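S.K.: I have a structure here, written as structure tokens, and I will follow up with some questions on it.
The values are calculated or read from the model by the stated rules, or taken from the named source; none is laboratory data. Everything numeric in this text was worked out from a predicted model, so none of it was measured. Using ideal geometry, Cβ is built from the backbone for each residue, glycine included, and neighbour counts are taken over all protein chains shown.
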Protein chains: 2
Amino acid sequence: MHQVENLMESQAEGHHADLQAALRHIITSGGKRIRPTVTLLVGRMLGAAQDKLITLAAAIELLHTATLVHDDLIDGALLRRGIPTLNSQWSPGATVLTGDFLFARAAKLAADTESIPVMSLFSSTLSVIVNGEISQLFSSRCQADRQGYYQRIYAKTASLFETSATCAALISPVTEETIQTIRTYGFNIGMAFQIMDDVLDFISDPSKLGKPVGSDLKQGLITLPTIYYIENHPEDEMVQQILDGHCPHYEEEIQSLVERIRNSPSIDQSIAEAERYVNEAFLCLQKLPPCPERTHLEELTLYITRREL
Amino acid sequence: MHQVENLMESQAEGHHADLQAALRHIITSGGKRIRPTVTLLVGRMLGAAQDKLITLAAAIELLHTATLVHDDLIDGALLRRGIPTLNSQWSPGATVLTGDFLFARAAKLAADTESIPVMSLFSSTLSVIVNGEISQLFSSRCQADRQGYYQRIYAKTASLFETSATCAALISPVTEETIQTIRTYGFNIGMAFQIMDDVLDFISDPSKLGKPVGSDLKQGLITLPTIYYIENHPEDEMVQQILDGHCPHYEEEIQSLVERIRNSPSIDQSIAEAERYVNEAFLCLQKLPPCPERTHLEELTLYITRREL
């Protein structure tokens, strides 16, 4: 991972000094690096060449970073992981261009793997992510249907987890069947990861989360805990409002709904849903021969529903 | 070119309806399509497969379009070619994401050529373009050195012309020597093209240009005609100001400088400079066997310094 981070940071070398500073700032701002970790472990498990694997992992994390830079700009977010965002310090124009630069370097690193299927999946995934963001931007607030929710979290998160795992398999000497198993694995951990993110938005300590509790709902974004609450409480007045297409907009109204959801079984139901995805992912790993990397992936997989709880 | 445009427009199929509308708007807004024309002619001249060539041409033009979408947003431009820009009608967020979507689809099309060197050059070129824009954004206004000017127009324009031509050669059954000849050809027409754009900014009919005369200088951007004027008129008071690092900022001051440049030999000197690049490009073509496409490219090349004069 150290080599992956060095490779990421070296991408601005020879470019404008402010760009180098921005890249260093973004990369040292941390992040869990879970996507490149998946790439590295899957690739090592399946026998990918080390140098290509590091290149691929850096490409994946840079792509993720690029989308965050533009997301934070669009949302006007001032902090991410407690550290000032680029858009809080730079002009919108400089922030747009820095994101573009990261896209370009991510694409270059993906090309450096010299795998056409990797390039192709990589660029398709970017389309999926961006299309998801556009759909969210243009759709009305407080969309409460379950199907729409799964589509949203696939576009937002699971697609890149799927790609992080699948690309590693694509540069490994394995059968098409193994590639499909790994794809299913990546999809499932991605879905579980985002559901848990959505749960943590309700139950985490706000100081750890770096944002107020229930901030998704405050932004008109209905996630799985709210969907379960709606299904369980058709009699709740605010649930009826939401189902009638009226998004709550008074601070106290929303805060009291957040409290009701926090203290309802909807949280455990959501975690159980994430655990179903984790179990599916776990089953995928069982199809592969045991090895230290598989054990490591199993631990990472089980950790998804246990983090910060 | 009709097939290229269809392929471009089909990129939003299956995606969000507003994205489809945006793409249609952008593509029907026209543009000279000179970059994909270069790609198509070079590829046909060198024997590239027709389907890959069309895919490549669409990738090149979509990449160009994506950079324009973000540029117009950053510059706050309301019109391009007399047609309202996306950012004049959409929120900044939607505009950023539409640009990102176009980048993603351009990269996917580049991957569809199934050529690693194409992918690699394609993503490197995007880095060069974006790095150029970032440098411009962060550098002080009224940079008057000739070397810096050439670097700027390479990043802004010539790099993508070079890539438009080179990628077509890369998917053709030709020697490395021919690829290099084509690369030099693309570089030279790109440099000539941007110099002529900069000349036209001074001498065009504003109604045809869709912006006021001398708008570059008004934005603090010093292009070749001004550089020649500075070299020829060290006694001019405003030239001295610029050389001392003071960018003129009074409307009338700038307007009178624009008039002096318009009516000076600096314009013809700049055109002569563009013609030198055109001649270099022409010489590259002479190294290749004659064929209808070569003739067509020769005409296109000579036309660069003659358009709209």
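S.K.: Among the residues of the range A:246-276, which ones are at pLDDT below 90, surrounded by fewer than 12 Cβ atoms within 10 Å (Cβ to Cβ) and within 28 Å of the chain's Cα centre (by Cα)?
M.R.: Within the range A:246-276, A:HIS249, A:GLU251 meet the criteria.
S.K.: Something else now. Might you let me know whether the range B:146-158 holds any residue that is farther than 15 Å from B:PHE187 by Cβ and crowded, with 19+ Cβ neighbours inside 10 Å?
M.R.: Residues of the range B:146-158 that are farther than 15 Å from B:PHE187 by Cβ, as a first pass: B:146-149.
Remaining after also requiring crowded, with 19+ Cβ neighbours inside 10 Å: B:149.
Yes: one or more hits.
S.K.: Do we find a residue being farther than 21 Å from A:GLY190 by Cα, touching a Pro at 6+ places or on another chain (Cβ under 8 Å) and more than 8 Å from chain B (Cβ to nearest Cβ) anywhere in the range A:13-21? Working first, answer last.
M.R.: First pass over the range A:13-21, keeping only residues farther than 21 Å from A:GLY190 by Cα: A:13-21.
With the extra rule that they be touching a Pro at 6+ places or on another chain (Cβ under 8 Å), the set shrinks to none.
Checking the range A:13-21: not a single residue is farther than 21 Å from A:GLY190 by Cα, touching a Pro at 6+ places or on another chain (Cβ under 8 Å) and more than 8 Å from chain B (Cβ to nearest Cβ).
S.K.: Restricting the search to the range A:181-214, which residues are modelled with pLDDT under 85, closer than 23 Å to A:ILE129 by Cβ and not charged (D, E, K, R)?
M.R.: The answer is A:LEU209, A:GLY210.
S.K.: Next question. Please verify whether B:GLU114 is at the interface with another protein chain (Cβ under 8 Å from one of its Cβ atoms) and either at positive phi or in a loop (DSSP other than H, G, I, E, B) (or both), treating the condition exactly as stated. Show your work before the answer.
M.R.: Details: at the interface with another protein chain (Cβ under 8 Å from one of its Cβ atoms): yes; either at positive phi or in a loop (DSSP other than H, G, I, E, B) (or both): yes.
So B:GLU114 fits the description; yes.
S.K.: In the set B:LEU97, B:LEU68, B:LEU137, which member is within 13 Å of chain A (Cβ to nearest Cβ) and buried (at least 21 other Cβ atoms within 10 Å of the Cβ)? Explain how you work it out, then say what you get.
M.R.: On the way: B:LEU68 fails: buried (at least 21 other Cβ atoms within 10 Å of the Cβ); B:LEU137 fails: buried (at least 21 other Cβ atoms within 10 Å of the Cβ).
Just one listed residue meets the conditions, B:LEU97.
S.K.: Which one of A:GLY47, A:GLY43 is of a type outside the set (Ser, Thr, Tyr), more than 14 Å from chain B (Cβ to nearest Cβ) and buried (at least 21 other Cβ atoms within 10 Å of the Cβ)? If you could, list the steps in order and put the result at the bottom.
M.R.: Working: A:GLY47 fails: buried (at least 21 other Cβ atoms within 10 Å of the Cβ).
Being of a type outside the set (Ser, Thr, Tyr), more than 14 Å from chain B (Cβ to nearest Cβ) and buried (at least 21 other Cβ atoms within 10 Å of the Cβ) holds for just one of A:GLY47, A:GLY43, which is A:GLY43.
S.K.: Say whether the condition of being touching a residue at least 40 places away in the same chain (Cβ under 8 Å), more than 24 Å from A:LEU137 (Cα to Cα) and over 17 Å from the mean Cα position of the chain (by Cα) is met by at least one residue in the range B:14-23. Steps first, answer last, please.
M.R.: So the first thing to find is which residues in the range B:14-23 are touching a residue at least 40 places away in the same chain (Cβ under 8 Å), and the list is B:15, B:18-19, B:22-23.
Restricting the remaining residues to those that are more than 24 Å from A:LEU137 (Cα to Cα) gives none.
Within the range B:14-23, not a single residue is touching a residue at least 40 places away in the same chain (Cβ under 8 Å), more than 24 Å from A:LEU137 (Cα to Cα) and over 17 Å from the mean Cα position of the chain (by Cα).
S.K.: Restricting the search to the range A:202-255, which residues are outside any loop (DSSP other than H, G, I, E, B), closer than 28 Å to A:THR85 by Cβ and acidic (Asp, Glu)?
M.R.: Just the residues of the range A:202-255 that are outside any loop (DSSP other than H, G, I, E, B), to begin with: A:202-203, A:206-209, A:215-218, A:224-232, A:237-243, A:251-255.
Next cut, closer than 28 Å to A:THR85 by Cβ only: A:202-203, A:206-209, A:215-218, A:224-226, A:251, A:254-255.
Of everything in the range A:202-255, those that are outside any loop (DSSP other than H, G, I, E, B), closer than 28 Å to A:THR85 by Cβ and acidic (Asp, Glu) turn out to be A:ASP216, A:GLU251.
S.K.: Taking only pairs six or more apart or across chains, which ones have beta-carbon atoms under 6 Å, a first residue in the range B:285-302 that is of a type outside the set (Phe, Trp, Tyr), and a second residue that is surrounded by 15 or more Cβ atoms within 10 Å (Cβ to Cβ) and assigned to a loop (DSSP other than H, G, I, E, B)?
M.R.: Within 6 Å, the pairs are B:ARG294/B:LEU288.
S.K.: Being closer than 15 Å to A:ILE27 by Cα, more than 7 Å from chain B (Cβ to nearest Cβ), touching a Ser or Thr at 6+ places or on another chain (Cβ under 8 Å) and surrounded by fewer than 24 Cβ atoms within 10 Å (Cβ to Cβ) is the requirement here; does A:LEU79 meet it? Lay out the reasoning, then the answer.
M.R.: Details: closer than 15 Å to A:ILE27 by Cα: yes; more than 7 Å from chain B (Cβ to nearest Cβ): yes; touching a Ser or Thr at 6+ places or on another chain (Cβ under 8 Å): yes; surrounded by fewer than 24 Cβ atoms within 10 Å (Cβ to Cβ): yes.
Judged against the criteria, A:LEU79 is a match.
S.K.: Among the numbered conditions (1) closer than 20 Å to B:ALA111 by Cβ; (2) more than 13 Å from chain B (Cβ to nearest Cβ); (3) without any contact (Cβ under 8 Å) to a residue 40 or more places away in the chain, tell me where A:ARG33 comes up short.
M.R.: Result: A:ARG33 fails condition (1) only.
S.K.: Then there is this: Out of the range A:110-131, which residues are surrounded by fewer than 24 Cβ atoms within 10 Å (Cβ to Cβ) and more than 16 Å from B:GLN11 (Cβ to Cβ)?
M.R.: Within the range A:110-131, A:ASP112, A:GLU114, A:SER115, A:ILE116, A:PRO117, A:LEU121 meet the criteria.
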